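Step one of this worksheet: look at the structure below.
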């Protein structure tokens, strides 16, 4: 199966405006995204994520480089490459006097979908808007509008779906519903590209993750391998309260927490948990309970994007 997206040497420089100098938003990015994956695209604000998405969607022209979408060179076959991708934008921009049904019909028309091949009713059911199908968009809640954006991104049955901060500002119930929809679409073979500030979402949802910072690709790995980069665990012990501690192996860092528990951070590549426990028991430190804490994607993200 071919890659869903192939990016080579992608550059984008925004021209100077007024007193503002020219800005290079993307600085020669090389990236491939496998077909059928859920791929996370992460980075701090201003990293270049939105610029890349807009280039993929055909909304922004690149300065240099090559972009291939579902086997179509974006420069040679712009229409086919655009048809292969659907984008759910972060902004809730839509005509306030259009109903969800009308919005989907218009969107399908813009993509040239014949009326006999449209699936408006199924889309409305998929995103839970059947009951609001004929309500004006201005009367929809923010969560409903976000669901409508998802449906609009799917009207032409794209092979690739890009979700730009899809759950920003939504409640937990809607977030779970959106992710259930995304998982089902992925099970059906659709490639999903996700940008999000909720790192726990990327950790739970994504097969692979790329981190962009200052317009360059910092790292790209499968999620499990990326998490393993944070070489640190924490042993949390209930000792019945603060007490004197013995010397611990070099690299172990003990700290008493506000709840009276002892937290010892250590690199598992060099220190084993049983070494720490043996040292404590050997010094007579009571151990009433033990738990471990694993590093998460936020730890890796902070490390990778540190100035």
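The values are calculated or read from the model by the stated rules, or taken from the named source; none is laboratory data. Keep in mind it's a predicted model, so treat the numbers as computed, not measured. Here Cβ is always computed from backbone atoms with ideal geometry, including for glycine, and neighbour counts include all displayed protein chains.
Some observations on this one:
- Qualifying residue in region 81-97 (condition: more than 29 Å from the chain's Cα centre (by Cα) and at pLDDT below 95): yes
- Among the residues here, residue 249 qualifies as assigned to a loop (DSSP other than H, G, I, E, B) and more than 13 Å from residue 42 (Cα to Cα).
- Checking region 10-20 against the condition returns a match, with at least one residue being touching a strand residue (DSSP E or B) at 6+ places or on another chain (Cβ under 8 Å), under 24 Å from residue 90 (Cα atoms) and surrounded by 22 or more Cβ atoms within 10 Å (Cβ to Cβ).
- Tally of residues being over 17 Å from residue 97 (Cα atoms), under 23 Å from the mean Cα position of the chain (by Cα) and surrounded by fewer than 17 Cβ atoms within 10 Å (Cβ to Cβ) across region 129-156: 0
- In region 1-72, counting only strands (runs of 3 or more DSSP E) that sit wholly within it, the ones holding 2 or more residues that are more than 20 Å from the chain's Cα centre (by Cα) span 3-14, 23-34, 64-69.
- Test for residue 124: is it farther than 25 Å from residue 5 by Cβ, buried (at least 20 other Cβ atoms within 10 Å of the Cβ) and in contact (Cβ under 8 Å) with a residue 40 or more places away in the chain: no
- Single residue of region 183-197 satisfying the filter (closer than 26 Å to residue 123 by Cα and under 12 Å from the mean Cα position of the chain (by Cα)) that is surrounded by the fewest Cβ atoms within 10 Å (Cβ to Cβ): 196
- Of all positions in region 270-285, at least one carries a residue that is within 23 Å of residue 300 (Cα to Cα) and surrounded by fewer than 13 Cβ atoms within 10 Å (Cβ to Cβ).
- With respect to (1) out of contact with any helix residue (DSSP H, G or I) (no Cβ under 6 Å at 6 or more places or on another chain); (2) part of a helix (DSSP H, G or I), the lone exception for residue 242 is condition (2).
- Residue list for region 73-110, restricted to those being assigned to a helix (DSSP H, G or I), buried (at least 17 other Cβ atoms within 10 Å of the Cβ) and in contact with a strand residue (DSSP E or B) (Cβ under 7 Å, 6 or more places away or on another chain): 81
- Selection within region 250-266 - closer than 26 Å to residue 227 by Cβ and surrounded by 14 or more Cβ atoms within 10 Å (Cβ to Cβ): 252, 254, 261, 262, 263, 264, 265, 266
- Residue under evaluation residue 173, criteria (1) over 23 Å from residue 203 (Cβ atoms); (2) surrounded by fewer than 17 Cβ atoms within 10 Å (Cβ to Cβ); (3) under 28 Å from the mean Cα position of the chain (by Cα), criterion not met: (1)
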